[in-house]
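Okay, so here's the structure we're looking at.
Where a number appears in this text, it was derived from the coordinates with a stated rule and is not lab data. As the structure is a computational prediction, the values presented were derived from the model and not from experiment. Cβ sites come from the backbone with ideal geometry, for glycine too, and all protein chains shown count toward neighbours.
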Amino acid sequence: MNRGMTLYKLGVIGLLILLLLIPLMMIDGLIQDRQNRRNEVLHDIARSSSFSQQLTGPLLIVPYRKNTRVWKLNAESQQRYLDTVEERGRLYFLPEHFELNGTVQTEVRARGIYEARLYHADNQIKGHFVLPRHFGLEDDFDSYQFDEPFLAVGISDVRGIENALKLRLNGEELDFVPGTHVPLLGEGVSAALPVESGADQSRLDFAFDLRLQGTGQLQVTPVGKSSTVNLSADWPHPSFFGNYLPTRREVSEKGFTASWQSSFFSTNLQETLNRCTADQVCQEFKDRSFGVSFISPVDQYLKADRSIKYSLLFIWLTFAGFLLFEVLRGLAVHPVQYALVGASLALFFLLLLSLSEHLGFGRAYLLSAAACVALIGFYVCHVLGNVVLGLGFGLGLAILYALLYGLLSAEDYALLMGSLLLFGLLMLFMVLTRKLDWYAILQRAARAPEVPIEVNHE
């Protein structure tokens, strides 16, 4: 082919790549639609069972009434007089020590082709409160009247409670009842406490077992002046989040164990609670938490979305391979043949998406890649008129698919692997063409008549 034909061929190939963007964008939109549909189904499953759980508490609350003498003005006589006004409020106490030891088992719930991962957390919670003398109201303690104190535990979705809750307080067993009666805690449970009026400092040791079902995430607020949380689970892909990371964690194929430790120096929770009760702005208190997510970090839709981002690279490398064969071996590949190979590369991503919803991403990727490599390898053998070259081209494409799978499976090293892959392919192309005299090839091609490739229909 002459120089003009070469420029024409390059222009047609560029146009084909732009046209192939249309089906690739349609497939990318389909991935997003299927992912949104999956999220809707997961939300429906969680709505039928229980959502993500956040455990806040326990807090010890002491309701009080205080009679205060204030001056008032008589509207008719314009005389001032003393009157007694009753003020109602609550005293809030955080545990001196809070400890949670939990064991988590996960299970899969399916609806159609979509699956949601639920967890069942068996938690043993214990600690103690230290109530100060006169509840810390030394100056005017006699002006207060106290109602029955109670202990409250915030549980974000009470539908997930799986056991009859019993509070063990200083060796005595008490019943929990639904509701916290505390707006900052939201939903949860509470238990009335047989606590005296606080004439002396007292220590209250508490313990209770909480079996909790949830979906997606388990979150804990470290309410103690010193807090310790230990969790173990059979989930091998934990994602830790929140204001505090585990001080110790071990992750294996069988699951994970993690431990958190905090103190009032790191959480500043008492001051946050005081601001919450005074100003009724409690989001900061709720945000002082940490937890673990039981969601797969790289699911099939995320991998499919990642893979289609490399689609243009695949098409470009394949077309570059054809051009290399044309230049090195003097062959002529028709633009229609380029288009058919590009279409098969685009359909790989549609096959991958549809099969992964039924077979899992790994097997779907293997079948889709094998089908595309076999089809393109068979076709290229006839396009190039050489079985060895066609098989070599198919082998190179198979290696590319294998490298792409490694990229998609990586969680933390995808960018590094992708950069090394691109650099390696560029290095290979430069090594293969290092001795080519491009001007001589173009001049030779300009002098030689173009010979069409005969297609064998047998």
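Points worth noting:
- Those GluC sites (Glu not before Pro) in segment 103-151 that DSSP places in a loop and that have at most 14 other beta carbons within 10 Å: Glu138
- Under 5 Å between amide hydrogens, built in the peptide plane, is the criterion, and for Thr180 it picks out Gly188 among residues at least 5 positions away or on other chains.
- Normalised by 2.2 N^0.38 Å, with N the number of residues, the alpha-carbon radius of gyration of segment 230-316 equals 1.63.
- Fewest-first ranking of Thr318, Thr228, using other Cβ atoms within 10 Å as the exposure measure: Thr228, Thr318
- Sites Glu162 and Ser354, calculated FRET efficiency, Cβ-Cβ separation with R0 35 Å, nearest 0.05: 0.40
- Only Cα sites of segment 263-404 enter the Debye sum here, all with the same form factor; the resulting log10 I(q)/I(0) across q = 0.10 1/Å is -0.50, listed in q order.
- When trypsin sites (Lys or Arg not before Pro) are flagged only if DSSP places them in a loop and at most 15 other Cβ atoms lie within 10 Å, the longest unflagged stretch of the chain comes out as 1-253.
- Electrostatic dipole magnitude of the chain [Cβ: Lys, Arg +1; Asp, Glu -1; Cα centre; debye, to 20]: 2020 debye
- For segment 117-241, the extents of the C-alpha atoms along the principal axes are 56, 29, 27 Å, listed from largest to smallest.
- One quarter of the convex hull surface built on the alpha carbon atoms of segment 52-293 amounts to 17.2 nm², the projected area averaged over directions.
- One chain, two ends: Leu245 and Met430. Fully extended at 0.36 nm per residue, the span grows by 61.9 nm beyond their Cα-Cα distance.
- Normalised size of segment 339-416, defined as Cα radius of gyration per 2.2 N^0.38 Å with N residues, equals 1.19.
- The chain, helix-only ellipticity at 222 nm - DSSP H runs n ≥ 4, -39,500 (n - 2.57), divided by all residues, nearest 500: -14500 deg cm²/dmol
- Segment 19-132 - Rg and Dmax from Cα coordinates, angstrom: 29.1, 91
- Once the C-beta distance of Ile113 and Glu173 is scaled by a Förster radius of 51 Å, the resulting FRET efficiency is 0.60 to the nearest 0.05.
- Under 5 Å, built H, 5+ apart or other chain: amide partners of His128: Glu96, His97, Phe206
- Amide proton proximity set for Asp157, modelled H, under 5 Å, gap of 5+: Gln54
- Antiparallel content of DSSP bridges confined to the chain, in %, to 5: 90 percent
- Solvent-free Debye calculation, one equal scatterer per alpha-carbon of segment 218-259: log10 I(q)/I(0) at 0.20 Å⁻¹ equals -0.63.
- Mean Kyte hydropathy of 1.0 or more with a Cα span along the axis of at least 20 Å, helices from DSSP in the chain: 311-329, 335-359, 361-384, 387-409, 414-432
- Whole-Hz ³J(HN,Hα) from phi, Karplus 6.51 cos²θ - 1.76 cosθ + 1.60, for segment 161-167, glycine and proline x: 5, 10, 9, 7, 7, 10, 9
- Across the chain, counting alpha-carbon atoms alone, Rg and Dmax equal 34.6, 120 Å.
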